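Scroll down for the structure; my scribbles are underneath it.
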Amino acid sequence: MDLGEFEVYRIDSYGYDETPKTIAPKSRNFIVFKPRNAIEVSKILKFANERKIPVFVRGGGTGLSAGAVPTLDGILISTERMKEIEIDVRNRLAICEAGVTLDELTKAAEKHGLSFPPKPGAENATVGGMIATNAGGVRAMKFGVIRNYVLGLEIVLPDGRIMKFGGKTIKNSAGYPLLQLFIGSEGTLGVITKAIIRLFPQLRDMSMLAIPFRNIEDAMEYSIETCRKLTPLGLEYMEKRAVEIGESVSGKRWVSKEGEAHILSIFEHKWEAEESAEIAYSCNAVDVFLASPKEQRDLLDIRSKIYLGIKNRIIEILDICVPPASILEYLRKSDEIARKYGIDVITYGHVGDGNLHQHPLIFEGWERVYWNFRREIMRLAVEMDGTISGEHGIGEIKRDELAELFPEQYSIMRKIKEIFDPNGILNPGKIFK
Ligand SMILES: Cc1cc2nc3c(=O)[nH]c(=O)nc-3n(C[C@H](O)[C@H](O)[C@H](O)COP(=O)(O)OP(=O)(O)OC[C@H]3O[C@@H](n4cnc5c(N)ncnc54)[C@H](O)[C@@H]3O)c2cc1C
């Protein structure tokens, strides 16, 4: 077999994703293939498997764990030409090829009066990439992370076999849920070529509150109380410096200059926002602002631009997840650890999910102390029944900590990898060393 029928590309911009440069591994020599469908992916994988050539998979390249960076000489499959999308209105489903972006999927659903509620922050993330990382985002609380939406997958296994897992049914108890293995497997078990995705009715009455608090204690109490009584779509926390960065990049104004700890609460219905406003006042909010639709867009823009404004100043974006009610305790303890190492950390995140994005700032000599800091806070999270990645995945930058903190689970994961990919050609170095 040869691959003469394919155009191949050597394009340096495919050697990166959105992982901060300080921590991202370097890419090697690779050629890029842009297959159009599962049959073409199958040909490439068969060719590579027979010759034991490493194959990396790239969706939108918005990942934050270097999962799509080709770190060995080999092949990079880009799914950018796999763009077909069909909306099955009567079953409320989208059947998408892997390269469909979040923006394209959202718009296609809306055209049919439906919605795809999750909002991972990068609109050019692809369906394949979001499934491979089990992405979350700012609206995961009520309807769940991407895993909750995926009913079926078409996968090309490393030996080239094209297989289907799951289907169009909402229920499926037929044996082991193999479909679930691929969600969050970061391209290490197979290449996702197509997905069947659940859609929901449009969110017509979505309401948003912007709430400044004087301190983090009040903000976290509000978050816990709101989640005890209501199910928000999302609850986002931003420390003051994060808000200021989002303002300066977006050119939009946050609701108040007062307050050290800010919460953006998103609800499916206005009555929920009104009840939550009462809770906020009872938790000493400085004020509570109910946003108009235009203001909702501006507030979300401020939130979503923070990473853009901060990414060149940070060592990395951490992705710790702890039980939501333990966030305050986690933050106090991790701040103490940061102080011990002289590290300044800017924090925001999906506080309703217990998922924090801590951003340690670059400083002279950070390399000497950073790794110990990182290991300590990850251990702290695990000791608190949390985990080291809520939504960004392990990729190539958290695999040592995964192996160290979850040794037994890690060895089972490795055995599963060997079943699907005995030659270890697919996304080598991701999740596993
Ligand atoms: C500004 C910004 C905000 C973000 N906000 C969020 C957020 O709120 N929530 C969140 O969860 N993430 C967020 N992310 C991270 C990122 O958008 C997600 O990880 C996203 O799911 C990656 O999708 P992608 O298509 O860009 O994947 P890539 O970066 O291309 O790849 C990510 C991983 O998936 C694998 N992969 C990609 N396509 C396939 C496929 N077809 N088959 C098998 N494996 C595949 C890759 O090999 C890699 O391991 C954010 C990123 C940025 C830059």
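The values are calculated or read from the model by the stated rules, or taken from the named source; none is laboratory data. Since the model is a prediction, treat every value here as computed from it, not as a measurement. Neighbour counts run over all protein chains shown; Cβ positions are idealised from the backbone, glycine included. Only protein heavy atoms, including side chains, enter the accessible area calculation; ligands, DNA and RNA are left aside. Shrake-Rupley method; radii C 1.70, N 1.55, O 1.52, S 1.80 Å.
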Acute angle (nearest 10 degrees) that the helix 240-250 long axis makes with the longest principal axis of the chain, alpha-carbon atoms: 60 degrees
Point-charge dipole on Cβ atoms (K/R +1, D/E -1) for the chain, about Cα centre, debye to 20: 1100 debye
Kirkwood Rh, angstrom, region 25-131 [1 / mean 1/r, Cα pairs]: 14.9 Å
Listed highest first by mean packing, meaning other Cβ atoms within 10 Å per residue, what order do 123-134, 281-292, 205-216 come in? 123-134, 205-216, 281-292
Return the Rg/Rh ratio of the chain with Cα-based radii and a Kirkwood Rh. 0.97
What's the lysine pair count for region 86-178 at a Cα cut-off below 24 Å, pairs eight or more apart or interchain? 10
I'm checking a number: the convex hull volume of the Cα atoms of region 207-308, normalised per residue, in Å³. What is it? 80 Å³
To two decimal places, what compactness ratio does region 91-144 give when its Cα radius of gyration is scaled by 2.2 N^0.38 Å? 1.06
To the nearest 10 Å², what's residue 362's accessible area with a 1.4 Å probe? 70 Å²
Considering every pair of different Cα atoms, what Kirkwood radius, in Å, is found for region 314-433? 15.2 Å
Quick one: grab the alpha carbon gyration tensor of region 8-80, order the square roots of its eigenvalues as a ≥ b ≥ c, and give me rounded if a/c is under 1.5, else prolate or oblate depending on whether a/b is larger than b/c. prolate
Considering only protein heavy atoms and a 1.4 Å probe, what is the carbon-and-sulfur percentage of the accessible area of region 313-393? 47 percent
Protein-only accessible surface order, largest first, of 142, 164 at 1.4 Å: 164, 142
Under a 10 Å cutoff between Cα atoms, tell me which one of 191, 89, 345 has the largest fluctuation in the Gaussian network model of the chain. 89
Whole-number percent relative contact order across the chain, with pairs defined as alpha carbons under 8 Å at least 6 apart: 17 percent
Equivalent ellipsoid dimensions for region 113-238 as semi-axes, Å, which come from the Cα gyration tensor, largest first: 33, 16, 14
Any idea of the accessible area per residue across region 85-201, 1.4 Å probe, to the nearest Å²? 41 Å²
Projecting each Cα onto the charge dipole of region 85-201 (Lys/Arg +1, Asp/Glu -1 at the beta carbon, about the Cα centre), which of 95, 112, 170 comes out farthest on the positive side? 170
Relative packing of peptides 149-161, 363-375, 241-253 - highest average C-beta neighbours within 10 Å first: 149-161, 241-253, 363-375
Just name one of 23, 296, 348: the one whose Cα is farthest towards the positive end of the charge dipole of the chain (beta-carbon charges, Lys/Arg +1, Asp/Glu -1). 23
In deg cm²/dmol, rounded to 500, what helix-only [θ] at 222 nm does the chain give when every DSSP H run of at least 4 residues adds -39500 (n - 2.57) and the total is split over its residues? -10000 deg cm²/dmol
What residues of region 394-417 lie in the reach of a label at residue 340, counting those whose backbone N is under 20 Å from a point 7 Å from the Cα along Cα→Cβ? 401-402, 404-406
Given a 1.4 angstrom probe, I'd like the percentage of the accessible area of region 207-308 that is carbon and sulfur, rounded to a whole number. 50 percent
Convert each backbone phi in region 176-188 into a coupling constant with the Karplus relation 6.51 cos²θ - 1.76 cosθ + 1.60 (shift: θ = phi - 60°), then list the ³J(HN,Hα) values in order as whole Hz, x for Gly and Pro. 4, x, 4, 3, 5, 4, 7, 7, x, 8, 6, x, 8
Using only the alpha-carbon atoms, how far is helix 270-282 inclined from the longest principal axis of the chain? Give it as 0 to 90 degrees, nearest 10. 50 degrees
Here the relative contact order (percent) of region 8-80, from C-alpha pairs under 8 Å and at least 6 apart, is 45 percent
In the chain, what % of DSSP beta bridges are antiparallel (nearest 5)? 85 percent
Fully extended, how many nm does the chain gain between residue 325 and residue 408 (0.36 nm per residue separation, minus their Cα-Cα distance)? 27.2 nm
Using the beta-carbon distance between residue 168 and residue 278 and R0 = 45 Å, what value does 1/(1 + (r/R0)^6) give for FRET efficiency, to the nearest 0.05? 0.60
Taking a probe of 1.4 angstrom, what is the accessible area of residue 218 in Å², to the nearest 10? 30 Å²
What nm value, rounded to one decimal, do you get for the distance between residue 290 and residue 88 when each label is placed 7 Å out toward the C-beta? 4.0 nm
How much accessible surface does residue 92 have with a 1.4 Å probe, in Å² rounded to 10? 80 Å²
Using a 1.4 Å probe on the protein chains only, how many percent of the accessible area of region 8-80 belongs to carbon and sulfur? 49 percent
Report, in degrees rounded to the nearest 10, the 0 to 90 angle that the Cα long axis of helix 102-111 makes with the longest principal axis of the chain. 80 degrees
